[in-house]
Amino acid sequence: MLSLRLLPRLIRSPLSLLFSTKEPVPSTSKHIAKLITFHVSYNGLPQSKYSEANVAIYGCRVIEHMAACFRENPKILTHEHLRVAFSRIAQVKMELTQEFWDVIFPYARALVTTADRETADIMASVLLALSQMLIQDDELWETAQQKLIKDKLLRYVVTENLPSLLYAFANNKKGTEKTMNTIEKLILTHIKYYQASVSEKMFDHLKEAYDLWEKEPPKEIKELLEVKYREPVPLPQL
C-alpha cells in the first residue's frame, strides 16, 4: 500500500471521507462495477487501482453505469475521479435520470461545499460540466461563488481553466457581476499566457462567455480574440 505522500496531490483525498456508506447496492452493470470493487484504506490508494477506476468511469455511456461506479465502493473515489466523471457525463450528454440526482449529484455539492486550495481547480472543471448540463441549483452556484470570490480560491484555479470558468457562469446565467468581473480581471493579468496559447477549446469558451454575458470584452481580450479568429490570408497563386 502506497503512502498518499507518494501520490499526486490531485488524488490525495478519497471522497469516502465525506460520505458514510452502507452495504453496496447491487449494480445493473456488474462488468463495470467489478473493476472498482476492491478494498482501499483511508490512508493510501494504489496507483493501479486509481487508474482502473478512472478507466471504468470514462467507459460509462449512461447514467446507470456511472451511478454504479459511484455506488459500489465510494472508498475508491477521489476528487480527480469527480472531474473525469462529470466531464464524461457532459461530454456524452447522458440523460440525467433520477439516479444522477440521488447518487451522483450529491458528490458535486460536497465538493463545492468543502472546496479548498487543493481542489479549487477540480471544482472549476466540475462547474463547467454542470453548466453544460444546465444544472440550475441556486445553492450550489451561490456556494461556488462564495468559495471562489469571498474565500479567494479563484487564485488556485489553473490559468488555462479561467476562460472555461467564465463561460460556466455565463452559460446558465448564475454568475453575479462581481464574480464575472473578478474572473475577467484575473484573465487580464495573464493575458501574455493566453497570447502564447494554442488551446482552441480555451478560446472557444472565452469567446462564447462574452457572447452569453452580452458584454463587450476589454481591449486586450478583444484583440486576442480577433487574432485567434481572424480569417487566414490566402496565398497568391503561382
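The values are calculated or read from the model by the stated rules, or taken from the named source; none is laboratory data. Just so it is clear, the model here is predicted, and its values are computed rather than measured. In this analysis, Cβ positions are derived from the backbone assuming ideal geometry, glycine residues included, and neighbour counts consider all displayed protein chains. Note: areas computed on protein heavy atoms with side chains; ligands, DNA, RNA excluded. Shrake-Rupley method; radii C 1.70, N 1.55, O 1.52, S 1.80 Å.
Going by the structure shown, is E160 in contact (Cβ under 8 Å) with a residue 12 or more places away in the chain, surrounded by fewer than 21 Cβ atoms within 10 Å (Cβ to Cβ) and either part of a loop (DSSP other than H, G, I, E, B) or under 10 Å from the mean Cα position of the chain (by Cα) (or both)? No, not satisfied.
None of R61, R88 is in contact with a helix residue (DSSP H, G or I) (Cβ under 8 Å, 6 or more places away or on another chain) and open to solvent by 30 Å² or more (accessible area, probe 1.4 Å) except R61.
Just wondering, is there one or more residues in the stretch 90-102 that are at pLDDT 90 or above and closer than 23 Å to V157 by Cβ?
Checked against the condition, which is being at pLDDT 90 or above and closer than 23 Å to V157 by Cβ, the stretch 90-102 yields at least one hit.
Of L127, L96, L134, all but one fail to be open to solvent by less than 10 Å² (accessible area, probe 1.4 Å) and of a type outside the set (D, E, K, R); the exception is L127.
Considering (1) crowded, with 20+ Cβ neighbours inside 10 Å; (2) part of a helix (DSSP H, G or I), the lone condition that A115 does not fulfil carries the number (2).
Filtered by the rule that a residue be among the small types (G, A, S) and either open to solvent by 80 Å² or more (accessible area, probe 1.4 Å) or modelled with pLDDT of 90 or more (or both), the stretch 197-238 gives a lone residue, A209.
Applying a threshold of 8 Å to beta carbon distances and a minimum spacing of six or more residues, or different chains, the list of pairs starting in the stretch 104-122 at a residue that is under 18 Å from A90 (Cα atoms) and of a type in the set (S, T, Y) and ending at one that is assigned to a loop (DSSP other than H, G, I, E, B) and open to solvent by less than 50 Å² (accessible area, probe 1.4 Å) reads Y107/L77.
Taken over the stretch 192-219, the criterion of being part of a helix (DSSP H, G or I), touching a residue at least 24 places away in the same chain (Cβ under 8 Å) and farther than 25 Å from N172 by Cα is satisfied by Y193, Q195. Among the candidates K173, K178, K185, the residue that is over 21 Å from R83 (Cα atoms) and outside any helix (DSSP H, G or I) is uniquely K173. Kindly provide the set of residues from the stretch 147-157 that are open to solvent by 20 Å² or more (accessible area, probe 1.4 Å) and either under 13 Å from F169 (Cα atoms) or among the β-branched types (V, I, T) (or both), ordered by number. The answer is I149, and nothing else. I'm checking my understanding of the structure. Among residues of the stretch 184-196 that are aliphatic (A, V, I, L, M) and closer than 17 Å to A124 by Cβ, which one is surrounded by the fewest Cβ atoms within 10 Å (Cβ to Cβ)? Taking the candidates together, the pick is L186.
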